[in-house]
2 protein chains.
Amino acid sequence: MCQLLGMNCNTPTDICFSFEGFALRGGLTGEHRDGWGISFFEQNACRSFHDTLPAAESDIAKLISNYPIKALNVISHIRKATIGKIELRNTQPYNRELWGQEWVYAHNGDLWDYEFTESRPSRPIGSSDSEATFCDLLNLLRNKFPEEMPAIAILAKTVEEFARKVSNYGTFNFLLSNGVYLFAHCSTKLCYIIREAPFKEAHLRDKDLSINFSQVTTNQDKVAVVATEPLTDNEVWTYFEKDQLLVFKNGEVLDFV
Amino acid sequence: MCQLLGMNCNTPTDICFSFEGFALRGGLTGEHRDGWGISFFEQNACRSFHDTLPAAESDIAKLISNYPIKALNVISHIRKATIGKIELRNTQPYNRELWGQEWVYAHNGDLWDYEFTESRPSRPIGSSDSEATFCDLLNLLRNKFPEEMPAIAILAKTVEEFARKVSNYGTFNFLLSNGVYLFAHCSTKLCYIIREAPFKEAHLRDKDLSINFSQVTTNQDKVAVVATEPLTDNEVWTYFEKDQLLVFKNGEVLDFV
């Protein structure tokens, strides 16, 4: 199993504080030692960092904790390998281009009998169940909407139907983003928090570290953070319902779903 | 204009020494201040680092210079923006999946009148002439060889024909790799060196720094390095001919082209 972390904001925000706690679960406060990755969107492009070392021991993870890359959307993943060896090609998040946009995806859970449907054109590079579902989803979307991304409500419905089908194979918690929207699907475990004015102090669960968000934000800022388990111990996180898909934009949950 | 750096080896090798000299051209010994990127292959997957800051001043570039990531194939690019703004989406190398393999591409040169042919399914995310050519090449290859990568000689011939056509629009020096082969095409300026036993000392052109490769290699190692301009001043680099495509594998030039 793995852990997921996502962020969606209305103003470019760095994820240093959340990532510092999250990364410790990669081998120190958690057992997710088998690699990690993070993708930061800037407009419709993104840059990703991947490592097969445990996040808690990785020099690249240390850089990310200390280097404030500001982004509207971020997806991160730390891995405990179950299906697929510990190799770079099985290290999430995955990314592919669709409709001239970069799409980033990370999955938590085991889908033991799930097999890639051999749909085209996207094909898995690695051997994980997660990448197989990502390619199938992309091919489904491309076939259904060949030229352009449809209206977000229609897209969300298609993603939700796909999620329901795949959930029959096992656990299917995932995050998906194109740099504008953050899709978050819960099959077993996922929670979120929306931070907005008045901002307060937050304290990490995985490390004795606090930040006073009121000192680093403006009154207009809205920042949604999604994670497998709450990252702080003095804030109220909202748990997803089973089989719930939420779509975030500008730090808010869209209400059409 | 930009500068290119590529490496192709028969044993996983780090690129720290070459990259240290190369990165200085990104704003210190060269004028290529408008972002940079590097992709390291591990098997058929790769990890990339991109930054819109000058390589000579980038914290991420410092990490790459000091952190020995070993790879059989590496492609790096430093940019002086001409076509396309300074944005992450215009920062090379670009990557896309084809035949279940990751393909990485970087281009040096201006193709002023080149326009994306609207071929499918790959589409540019950014606005550079370089990414347009990459998408057109991938779509050509996918249409011509829909299911699998053809024999390397046939693939090289197709890439060469494409390069000849695009060269009519301007300067088309590029590097392309799938983690096994490194394709290098010269339209105006590109050179390479193959380092093998007996290994000697090399001295950077862009910094007073030497390395004695005999201390960090075995007798079987073969390392080909391709660059826009020689990276060292005490070794003999071979210049490509105009419109020449070379394909490297295991640190050697394949001789079918």
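Just flag the trypsin sites (Lys or Arg not before Pro) in segment A:79-112 sitting in loop per DSSP whose Cβ has no more than 12 other Cβ atoms within 10 Å.
A:LYS85
With unit charges on the beta carbon (Lys/Arg positive, Asp/Glu negative), name the residue among A:PHE145, A:ASN90, A:PRO121 whose Cα is farthest towards the positive pole of the charge dipole of segment A:1-148.
Of A:PHE145, A:ASN90, A:PRO121, it is A:ASN90.
Considering protein heavy atoms only and a 1.4 Å probe radius, which residues within segment A:97-111 exhibit an accessible-area decrease of no less than 30 Å² in the full assembly relative to the chain by itself?
A:GLU97, A:GLY100
HN-Hα J couplings of segment A:27-32 from phi, Karplus 6.51/-1.76/1.60, θ = phi - 60°, integer Hz, Gly and Pro as x?
Taking θ as phi minus 60°, the curve returns x, 10, 8, x, 9, 8 Hz for segment A:27-32.
Mind checking which of B:THR228, B:LEU246, B:THR171 is farthest towards the positive end of segment B:109-257's charge dipole, using Cβ charges of +1 (Lys, Arg) and -1 (Asp, Glu) about the Cα centre?
Selected residue: B:LEU246.
Place a point 7 Å from Cα of A:ASN10 in the direction of its Cβ. Which residues in segment A:165-189 have their backbone N less than 20 Å from it?
Once the point is set 7 Å along Cα→Cβ of A:ASN10, A:178-184 turn out to lie under 20 Å by backbone N, inside segment A:165-189.
Using Cα pairs under 8 angstrom and six or more residues apart, how large is the relative contact order of segment B:1-82, in percent? Don't skip to the end; give the middle numbers.
Details: 177 pairs, mean separation 39.6, N = 82.
Once divided by the residue count of segment B:1-82, the mean separation gives 48 percent.
Quick one: if you stick a label point 7 Å off each Cα along the C-beta vector at A:ASN234 and A:LYS165, how many nm between them?
That separation, rounded to one decimal, is 4.7 nm.
What does the net charge come to around A:SER65 if you take all other residues with beta carbon closer than 14 Å to its beta carbon, with K and R at +1 and D and E at -1?
Taking every Cβ under 14 Å from that of A:SER65, the sum is -4.
For A:115-123, what's the mean count of beta carbons from other chains sitting within 10 Å of each residue's beta carbon?
3
Under 28 Å between alpha carbons: how many lysine pairs meet that in segment A:154-229, if sequence neighbours fewer than 8 apart on the same chain are excluded?
9
Any chance you could give the angle, 0 to 90 degrees and rounded to 10, that helix A:129-144 forms with the longest Cα principal axis of chain A?
Result, in degrees: 70.
When Cβ neighbours within 10 Å are restricted to other protein chains, what is their mean count per residue of peptide B:84-92? Working shown, then result.
Numbers: counts 0, 0, 0, 4, 10, 10, 1, 3, 0.
Across the residues of B:84-92, the mean count of other-chain Cβ atoms within 10 Å is 3.
List, in order, the whole-Hz ³J(HN,Hα) value for each residue of segment B:9-24 obtained from phi through the Karplus relation with A = 6.51, B = -1.76, C = 1.60 and θ = phi - 60°; use x for Gly and Pro.
9, 9, 9, x, 10, 8, 10, 3, 4, 5, 5, 4, x, 4, 5, 5
Name the residues of segment B:45-65, by number, that are at least 30 Å² less accessible with every protein chain in place than in the isolated chain; the surface is that of heavy atoms, probe 1.4 Å, without ligands or nucleic acids.
Residues passing the criterion (a loss of at least 30 Å², heavy atoms only) are B:ALA45, B:ARG47, B:PHE49, B:HIS50, B:ASP59, B:ILE60, B:LEU63.
Under the definition of Cα pairs under 8 Å and six or more residues apart, what whole-number percent is the relative contact order of chain A?
Relative contact order here is 23 percent.
Note down the relative contact order for segment A:196-257 as a percent, whole number, built from C-alpha pairs under 8 angstrom at least six residues apart.
31 percent
Taking springs between alpha-carbon atoms closer than 10 angstrom, which of B:GLU235, B:GLU87, B:GLU147 fluctuates most in the Gaussian network model of chain B?
B:GLU147
Determine the total buried accessible area between chain B and chain A, counting protein heavy atoms only with a 1.4 Å probe; round to the nearest 100 Å².
So the buried area, both faces added, is about 2900 Å².
Convert each backbone phi in segment A:80-89 into a coupling constant with the Karplus relation 6.51 cos²θ - 1.76 cosθ + 1.60 (shift: θ = phi - 60°), then list the ³J(HN,Hα) values in order as whole Hz, x for Gly and Pro.
Here the 3J(HN,Hα) series is 10, 5, 10, 9, x, 5, 7, 9, 4, 5 Hz.
What does the net charge come to around B:ASN219 if you take all other residues with beta carbon closer than 15 Å to its beta carbon, with K and R at +1 and D and E at -1?
Summing Lys and Arg as +1 and Asp and Glu as -1 gives +1.
Using a 1.4 angstrom probe on heavy atoms only, work out the carbon and sulfur share of the accessible area of chain A in %.
Exposed carbon and sulfur together represent 48 percent of the surface.
Over the protein assembly as shown, average the accessible area per residue using a 1.4 Å probe and give it in Å², no decimals.
On the way: 19930 Å² over 514 residues.
With the other protein chains kept in place, the protein assembly as shown gives 39 Å² per residue.
Just from its helices, what would the mean residue ellipticity at 222 nm be for chain B, if runs of 4 or more DSSP H residues each count -39500 (n - 2.57) and the sum is divided by every residue, rounded to the nearest 500 deg cm²/dmol?
That comes out to -6000 deg cm²/dmol.
Taking Cα centroids, how far is segment B:151-178 from segment B:3-23 in Å?
Comparing the Cα centres of segment B:151-178 and segment B:3-23, I get a distance of 22 Å.
Taking 0.36 nm per residue of sequence separation and subtracting the Cα-Cα distance, how much length would be gained by fully extending the chain between B:ILE194 and B:PHE256, in nm to one decimal?
20.5 nm
Net charge near A:TYR169, counting Lys/Arg +1 and Asp/Glu -1 over other residues with Cβ under 13 Å of its Cβ? Present the calculation step by step, with values, prior to reporting the outcome.
Numbers: positive: A:ARG164, A:LYS165; negative: A:ASP110, A:ASP113, A:GLU115, A:ASP129, A:ASP136.
Net charge in that neighbourhood comes out at -3.
The values are calculated or read from the model by the stated rules, or taken from the named source; none is laboratory data. The shown structure was predicted, so the numbers you read here are calculated from the model rather than taken from an experiment. Heads up, the Cβs are rebuilt from the backbone with ideal geometry, glycines too, and the neighbour counts pull from every protein chain shown. These accessible areas exclude ligands, DNA and RNA; they are computed on the full protein's heavy atoms, side chains included. Shrake-Rupley method; radii C 1.70, N 1.55, O 1.52, S 1.80 Å.
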